[in-house]
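The values are calculated or read from the model by the stated rules, or taken from the named source; none is laboratory data. Everything quoted here is computed from the prediction, not taken from an experiment. Note: ideal-geometry Cβ built from the backbone for every residue, glycine included; neighbour counts use all protein chains shown. All accessible areas refer to the heavy atoms of the entire protein, side chains included, with ligands and DNA or RNA removed. Shrake-Rupley method; radii C 1.70, N 1.55, O 1.52, S 1.80 Å.
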Amino acid sequence: MAAVELRGVTKRYDSRTTVIHGIDLDIQHGEFVVFVGPSGCGKSTLLRMIAGLEPITGGEVRIDGQRVNDLPPRHRDIAMVFQDYALYPHKTLYENMAFGMRLRKTPEADIQRRVQNAAQLLRIDHMLERRPAALSGGQRQRVAIGRAIVREPKVFLFDEPLSNLDAQLRNEMRSEIKRLHQRLGATIIYVTHDQVEAMTLADRIAVLSAGRRMQYDTPDAVYNRPAAVFVAGFTGAPPMNLCACTLADGQADLGGLRVPLPAGLAERARDAPALTFGVRPENVRLAPAAPGDVALPAQVLLLEPLGAETLVTFRMGQAEVVARCPAAFRERPGQAVTVHLSPPELHLFDRTSGAAL
Ligand code: ADP
């Protein structure tokens with residue numbers, strides 16, 4: 001039995017506004033699942049339906065096998081961490097964390113033990129008498145997480161918890177949340193629009209677009225075997241190169257430039273009326289990496305040095321393709337170079353449906 005099961009979960013605001021279209025998901029005990037997708041795709045709505053903060057129009061949400069559609073949030077045994085922390089400004093950190101347990105009449109000794117344990121885990125045990133105003137954003141977020149931990153819930157729900165932090169703190173808190181998950185072994189559902197957070201934190205990622213589940217799989221599978229062109233274009237920084245192509249003699253034609261395809265892929269693409277070609281920037285190489293790699297002519301268009309590496313935009317046929325190149329790349333815009341692609345690393349998508357072939 002999964003910790004959380006969604007069956008055909010739908011959200012409609014009125015007859016014309018459906019924002020979640022029948023989503024199915026199984027989240028196992030102890031699993032860290034991230035809902036990721038662009039702003040407005042329905043991540044928060046889905047999370048809030050699991051929490052009970054938003055009525056469910058259709059389908060079923062189960063927590064530990066129990067249907068919870070009609071249970072109020074406080075009876076679902078979940079704890080939610082919000083982007084804006086939602087701390088009580090006049091209470092000390094200790095009281096902020098203890099408050100929920102006080103309401104539930106938890107014995108004082110238990111409250112003390114749980115708050116101390118959570119505070120130690122989050123390294124805020126030396127500031128429990130302070131009030132939220134005396135804390136940095138990162139420390140406030142720790143208190144909000146601590147308040148969730150002391151509840152010992154069945155499931156933790158995080159709604160964009162790092163969005164209000166600056167870039168450096170965000171990275172720190174991200175590692176911290178990952179460590180916390182490793183230590184607690186808790187079931188976590190985490191919402192973010194940031195694909196890096198999704199890739200680094202998740203056991204499994206649910207990629208959402210316009211209220212639909214585009215893929216639900218491990219970060220490795222989502223990155224290396226994207227099920228849809230949307231997923232390919234949403235993951236990676238920079239994301240996968242995508243361009244229109246046609247099929248000619250089992251090869252992808254990028255407008256005057258033909259790229260050999262693996263036999264299986266060419267076969268699957270044969271009946272698609274229109275195609276999108278895809279290759280990840282790190283798979284566009286200046287030197288061959290494997291025996292079957294193909295050499296293709298390209299022209300340098302743009303260099304973007306990042307320090308450790310340089311992003312180089314090449315023209316290949318009619319397409320523009322970004323490659324991650326060594327920082328030592330010295331060719332100038334306008335120069336002709338040879339780039340290498342590895343057929344097993346190429347992707348094709350049906351341009352009409354967006355599905356991977
Ligand atoms: P995300 O968290 O992915 O940014 P949301 O879950 O907040 O997306 O919103 C999903 C969609 O639902 C958006 O298109 C939003 O405009 C719509 N939406 C949210 N609340 C309402 C509402 N009360 N009435 C109608 N549409 C809404």
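See the values below:
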quantity	calculated
Top-ranked residue in region 145-196 [being of a type in the set (S, T, N, Q) and more than 16 Å from the ligand (Cβ to nearest atom); ranked as least open to solvent (accessible area, probe 1.4 Å)]	Thr187
All positions within region 99-118 that are among the small types (Gly, Ala, Ser) and open to solvent by 60 Å² or more (accessible area, probe 1.4 Å)	Ala109
Residue among Gly256, Gly233 that alone is open to solvent by 10 Å² or more (accessible area, probe 1.4 Å) and modelled with pLDDT under 95	Gly256
Which listed residue is within 16 Å of the ligand (Cβ to nearest atom), closer than 20 Å to Asp159 by Cα and among the β-branched types (Val, Ile, Thr), from Thr17, Thr45, Thr57	Thr45
Conditions (1) without any contact (Cβ under 8 Å) to a residue 60 or more places away in the chain; (2) out of contact with any Leu (no Cβ under 8 Å at 6 or more places or on another chain); number of the one not met by Thr246	(2)
Within region 122-215, strands (runs of 3 or more DSSP E) holding 2 or more residues that are on the phi > 0 side of the Ramachandran plot and free of Cβ contacts under 8 Å to residues at least 24 places away in the same chain	none
Single unsatisfied condition, Pro291 versus (1) surrounded by 12 or more Cβ atoms within 10 Å (Cβ to Cβ); (2) closer than 15 Å to Glu345 by Cβ	(1)
Within region 218-237, considering residues that are assigned to a loop (DSSP other than H, G, I, E, B) and touching a residue at least 24 places away in the same chain (Cβ under 8 Å), the one farthest from Pro38 (Cα to Cα)	Arg225
Residue under evaluation Asn96, criteria (1) at pLDDT 90 or above; (2) open to solvent by less than 60 Å² (accessible area, probe 1.4 Å); (3) closer than 30 Å to Thr45 by Cα; (4) outside any helix (DSSP H, G or I), criterion not met	(4)
Whichever residue in region 315-339 is in a loop (DSSP other than H, G, I, E, B) and under 33 Å from the mean Cα position of the chain (by Cα) and, among such residues, is surrounded by the fewest Cβ atoms within 10 Å (Cβ to Cβ)	Ala328
